[in-house]
1. Can you report the number of residues in the stretch A:719-733 which are open to solvent by less than 30 Å² (accessible area, probe 1.4 Å) and either closer than 29 Å to residue A:534 by Cα or touching a Gly at 6+ places or on another chain (Cβ under 7 Å) (or both)?
2. When both residues are 6+ apart or on different chains and their Cβ atoms are under 9 Å apart, which pairs have a first residue that lies in the stretch B:34-49 and is farther than 16 Å from residue B:60 by Cα, and a second that is open to solvent by less than 80 Å² (accessible area, probe 1.4 Å)?
3. Sort out which residues of the stretch B:258-300 are at pLDDT below 90 and touching a Leu at 6+ places or on another chain (Cβ under 9 Å), and write them in order of number.
4. Considering only residues that are part of a helix (DSSP H, G or I) and of a type outside the set (Gly, Ala, Ser), look in the stretch B:288-302 and name the one that is nearest to the ligand (Cβ to nearest atom).
5. Among residues belonging to the stretch A:531-554 that are open to solvent by 30 Å² or more (accessible area, probe 1.4 Å) and assigned to a loop (DSSP other than H, G, I, E, B), point out the one that is modelled with the highest pLDDT.
6. For the stretch B:240-260, which positions are within 12 Å of another protein chain (Cβ to nearest Cβ), open to solvent by less than 40 Å² (accessible area, probe 1.4 Å) and within 16 Å of the ligand (Cβ to nearest atom)?
7. Please find, among A:495, A:519, the residue that is surrounded by fewer than 18 Cβ atoms within 10 Å (Cβ to Cβ), more than 7 Å from chain B (Cβ to nearest Cβ) and at pLDDT 95 or above.
8. Of all residues in the stretch B:126-156 being part of a loop (DSSP other than H, G, I, E, B) and over 37 Å from the mean Cα position of the chain (by Cα), which is nearest to residue B:292 (Cα to Cα)?
Amino acid sequence: MRTPLSWLRDYVDITMAPHELAHRLTFAGLEVEALQYVGLALPAGASAARHSGLAWERDKIVVAHITQVDAHPDAERLVLVRLYDGEREHTVLTGAPNLFAYKGSGPLPTALRVAYAREGAQLYDGHKPGWELTRLKRAKIRGFDSYSMVCSEKELGISEEHEGVILFDADAPPAGTPLADYIGDVVFEIAITPNMARNASMLGVAREIAALTGTSVRLPWRSVPTRAAAQPMPQVQIAAPALNPRFTALLVEDVRVAPAPYWMQLRLRLAGMRSISNIVDITNYVMLETGQPLHAFDYAVLRRRAGSRPAPLITTRLPAPGETIATLDGAQRKLDDFTVLVADSAGALSIGGVMGGGESEVSAATEHVLLEAASWNFTNIRRTVQAQQLHSSQAGYRFSRGVHPAMAPLANLRAAALMQQLAGGSVSTELCDVYPQPVVAPVNRLPLAEVQRHLGMQIPAAEIVRILRALEFVVEDAGSTLVVTAPDHRLDIGTGAEGIADLVEEVARIYGYERMPETQISDTTPPQRANPALEHEERVRDLLAGLGMQEVITYRLTAPEREQRLLPPGVPVPAAHYVTLLNPVAAERVVLRRALLASVLEVAEANARFQQRLALFEIGPVFLPVAGAALPLEQRRLALVLWGPRAQSGWQAADAGAQDFFDLKGLVELLLESLRIEGVRFESAQHAALHPGRCAQVFGADPAVVLGTLGELHPQVSAAYSLAEHAALCADFDLEALLAATPARHATAPVPRFPAVVEDIALLVDEELSAARVQALIVQTGGAQLAQVQLFDVFRSAQLGAGRKSLAYRLSYQSGEKTLTDAEAAKLRNKIVRRLQQELGATLRDK
Amino acid sequence: MEQDFSIMEQAALAALRAIGDEAGLRAWQAAWLGKRSALALALAGLGQLPAAERPLAGQRANALRVQLEQAHAAHAAALRESGLAASLQAGALDVTLPGRPAARGRLHIATQTLRQICAIWAQMGFQIYRSRDVETEAYNFELLNIPPHHPARDMWDTFHTTTSGSLLRTHTSPGQIHAMREYAPEPIRVVLPGMCYRYEQITPRSEIQFNQVEGLAVGKGIRFTDLKGTLTDFARRMFGAQTRTRFRASYFPFTEPSAEMDVECFLCTGSGCVVCKQAGWLEILGCGMVHPKVLQNGGYDPAQYTGFAFGMGPERIAMLKYGIKDIRYFWGNDLRFLQQF
Ligand SMILES: [Zn+2]
């Protein structure tokens, strides 16, 4: 919210420098995001990120009085202005259209008060877009000596306004007064948090300043001279009091619609609003001043619409089925079943609290104004603003955050008073006020000990009372407890524990967080718990990083088509349910992923262009909808991708061979071994994304639980990810199953005291026989004394014959009790070989 | 006799001096000190000398043997030394050639930062509590004192799912309710790390998913001054022992009073720079005393219990620390970025 300092000063005395005030407000929760200096000097060292503005040179930019406006002899769009700048007369050439009306009428009966820039003054260039500084230089224009200027708001950096020059009100100070002394200002750009709706107004901010600086506010409520209305007052009915708790209306008769005085236009523009006419400007002005939005109807239109009725009947109600309204922005709007309308007997007049209708709006011809100030249910207004896409509505903004019903008659009378003063209207004595369910002000008992319990320090009771009273709470001091009644502008104060927290916040905020000490928690330490799921997951990360793998973290949002890239062309897409977004931001991020591997392969795809080799992993959830459940299963998985040569190439010969299935398997084996998973078994398997002959499933001790799948990416899938240059090795693990199979602890074996007998045997077996079966039988037969079995060669040749292969094993025999003799080792070996021969048809090859 | 020994001595030493390798040394040893050497024969023939000459000749022969053995050892040592020197010289490398590339694995910078944050909190007694990414509207909003259509909802742009009432969590705060409901009425000190989602355009400054670390302390004596002290301690651990903090009043629906904590810019130590936009301070986290309704929803009686909560973004902290200009780098996973950490 744009908040001019000069406006705040109507309600509170401010002695501190603007940037200090901005700091105080920011720390109290009214964050001043930016300060625009209007004509005043910026503080030394002000950061350009938050401070902006043009300081008007005091000797060069002053108030001047125009005494005569003459036509230019040969330029129709220029006039010659005679003015006095407090020192001497000048003739100034200008094209300002709002001076043309005074052209050629001789000496003016009352001088026009303007902003005058003398030769050499620094101003913004009004003709260029944006904000470009320029200095006034002497020049010949159309035969006249031009060296100075009558200024527009844009040239002075006040607003974008450049239609004409500024024409001050008649009470402007004498010619020669430095302009900065007259209208110099600072505009605070304040971010209003949702809980501070009351501060979306000058009065609200002024009240905060009063509390912060130890002073008090001057409220703008004045008594207004009224008279009985010449016309019948309308009748008002509220059909849905929960949505429209209060509706007030005043009649202001015989107004003269005209431009608002300059001071009001200036304030509105500094606050970021446009000036339209005195009547509309007054409603906006009072809204900015008090936070209560108002609406002005042309009463003649309402009476015409009432037809034969003696007086208009105004009803606030929900729309009839199919009802629409033409709003003053020209749109024909469809309404929801929760949209509250202000209507009369002829139909809808406006969307309550959000936007007026086109037909009944105030025009230049309006004579009588019906002023509406109502209050509306804030959540319903928020829904309405969203449904109607009317986020720019200033009324909607305020009503959707909550405006207290007590504000309605106050603001209504305030606006009526201004209309009487500035538009010559007369105010009806009768105020229509329908308030079926008055809001009861919450009363809280605040023990001073509660302040201490929440804050950890004791703020003196007198200071607590002062702060609350400065914020207009009614405080009864009952010793150790305060009885606190919330003021009539606040809807955010609760009762009970919430009310206490609300009051403690007000005290803490205004007292200042900075003044509170820092302490250490002295409360009981909670019970400590292990978190094995997390600790093991982190261990897997560390192990994989230790094995040379790079962790990646991808978007958990994807699109089904992206995951279908895992399938080779022609493979039917299995039906898969996804957690689907109702409101995605992009077509490629519409669901939560089901396949972690697809995400990691995308990373591989993106990096393969720049990298020789890749070794990637990701740990994260996939999201599997569960039939009948609102929330999906979030299953943590681990995906691995290897690609490219075994070693990075340098200037020396390195292992440039491409990583293959067994590189990945070796890595997986080491990971499983490091996790001490028992009974690990790899079984040949099929997976649509993987090479049909190079794919395995991994099991632990439980044969029913697949821990994961690994293999070489199917060549067609590999090509789809532009990874065809090398084999891409992929693994996908159910991390939760993996961690469930990880024992909490494991036993250790003593370091052998006696040497091992090592010998190599080569076995000739059928090609179909898996190495795993051979090894399992060796291990089983060797028993405790067979310390180690290592397959060190797989060999095929014509000599061995087709369908045969040789497997060479290095066997280590070792005892914990003694050194084994060669004879004992030979006995063990013979037993193993015999078993292999009998059960697997293996024969021992001669060395 | 003596003459024979002198001749032998001179001849042997002369031959030794000419030797330049191990094989020569072995041959010389066989020739001059071996079983069939002249000296050995002379020693063996001592018995045939007249008895009067024997002691002197024996002494002389033994002295010569010792002398030759020492000369041999000295020459062998000299040869080894010069050989070593030569081989060291020959083995010299161009040490400016690049090393053989070693493959190193790394954790993602987001994981590294998360771990650093959580490790500090762990040392301060805050344990990790994780909860789900897809949440109910109730846990993400209502139970956190954010009713439907409340203006505070504007603070979070939410991804809703097609299942009514389910959404992608916009913060890890739902975990506060989960933790409280699990642990009530025990005191709580937890941190809640996790991925969160916001309905946003992906730009250099905004992301649709991001990590958050929230913290929660609940007990019968948790105070606002504790919040200040604890978070300041954290900031000093995270950003340096001299780091100053400041607390500004702010608003979050689930805390009251609420605050933003700024830390003194660790890049310019407060004097103003591009990163802190000349302010000298960086916005690091939001915090506050747990709102009584939230305590109640978690199963704690607000008349007896109080608590504080805070939340920070690890990616933002990493961006500030390392001068990362584009938040899209995190989930972009370009190794040329990730391998800088
Ligand atoms: Zn800085």
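1. Qualifying residue count, the stretch A:719-733: 4.
2. Close Cβ pairs (under 9 Å, with a partner that is open to solvent by less than 80 Å² (accessible area, probe 1.4 Å)) amount to B:34/B:40; B:36/B:30.
3. B:266, B:267, B:273, B:274, B:275, B:276
4. Taking the stretch B:288-302 first, the residues part of a helix (DSSP H, G or I) are B:292-298.
Within this subset, residues satisfying the condition of being of a type outside the set (Gly, Ala, Ser) are B:292-297.
Values: B:292: 38, B:293: 38, B:294: 35, B:295: 37, B:296: 41, B:297: 40 Å.
The residue in question is B:294.
5. As a first pass, look at the stretch A:531-554 and keep what is open to solvent by 30 Å² or more (accessible area, probe 1.4 Å): A:531-533, A:535-536, A:538-539, A:542-543, A:546-547.
Those left that are additionally assigned to a loop (DSSP other than H, G, I, E, B): A:531, A:547.
Values: A:531: 90, A:547: 94.
Among those residues, the one meeting the criterion is A:547.
6. B:245
7. Working: A:519 fails: more than 7 Å from chain B (Cβ to nearest Cβ).
Every option except A:495 fails the conditions.
8. Kept after step one, since they are part of a loop (DSSP other than H, G, I, E, B), are these residues of the stretch B:126-156: B:126, B:129-133, B:141, B:145-150, B:156.
If we keep only those that are over 37 Å from the mean Cα position of the chain (by Cα) as well, we get B:141, B:145-150.
Details: B:141: 15, B:145: 9, B:146: 13, B:147: 15, B:148: 19, B:149: 21, B:150: 18 Å.
If we take residues in the stretch B:126-156 being part of a loop (DSSP other than H, G, I, E, B) and over 37 Å from the mean Cα position of the chain (by Cα), then B:145 is nearest to residue B:292 (Cα to Cα).
The values are calculated or read from the model by the stated rules, or taken from the named source; none is laboratory data. What you see is a predicted model; the values in this text were computed from it and never measured. Reconstructed Cβ throughout: ideal geometry from the backbone, glycine too, with neighbour counts over all protein chains shown. Side chains included, ligands, DNA and RNA excluded: accessible areas come from the protein's heavy atoms. Shrake-Rupley method; radii C 1.70, N 1.55, O 1.52, S 1.80 Å.
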